[in-house]
């Protein structure tokens, strides 16, 4: 959550002199992570043990994507609208991914065991996640840009990749997150566009 708020604020200050529409667009695109479509399918296939760790990160991420980011953007951009915790809570409770995470966390916390037939029913659906995610990405992929869109795209990539690279550098050289094991854990908890060197 804190990381997403920081990304929104950074996008806001880098587009401070632009119109509200461009400012809001950059704030939405410059924050949050598409964990479900991009990261989870690969990790589920390569190293399933990391899925619970990523899901914990995605709880905070989904809070921002399903209501938190919109509340922050509306507060910073809209001149006639105040921050409403009630509206944010309503958006969160109506979000299917967030509610699934909340239910999953509650079941795990209270150590509730589900019947075996539920597991049997959902295993084929979970195994199809990788294919469906890649299919959906390919279906909606569009490389056409409007006039002036390339400049905005370069700025957006710079914000996300530069910030990710800077964070990677700081954690590599100024913290104890060294070594392959700890580096992998950090990469899973903070899925930024890092390039890891072991």
Using the 10 angstrom Cβ neighbour count as an exposure proxy, how do 86, 160 rank, fewest first? 86, 160
Relative contact order computed over region 2-189 (Cα-Cα under 8 Å; 6+ residues apart), in percent: 23 percent
Between rounded, prolate and oblate, where does region 2-189 land on the alpha carbon gyration tensor, with a ≥ b ≥ c its root eigenvalues, rounded for a/c under 1.5, else prolate if a/b exceeds b/c? prolate
Looking at the square roots a ≥ b ≥ c of the eigenvalues of the Cα gyration tensor of region 1-106, which shape do they give, rounded for a/c under 1.5, prolate if a/b is larger than b/c, or oblate? oblate
Rounded, prolate or oblate for region 1-56? Axes are the square roots of the Cα gyration tensor eigenvalues, ordered a ≥ b ≥ c, and the cut-off for rounded is a/c under 1.5. prolate
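Where a number appears in this text, it was derived from the coordinates with a stated rule and is not lab data. Fair warning: this is a prediction, and the values are worked out from it, not measured in the lab. Every residue, glycine as well, gets a Cβ built from its backbone with ideal geometry; the counts of neighbours run over all protein chains shown.
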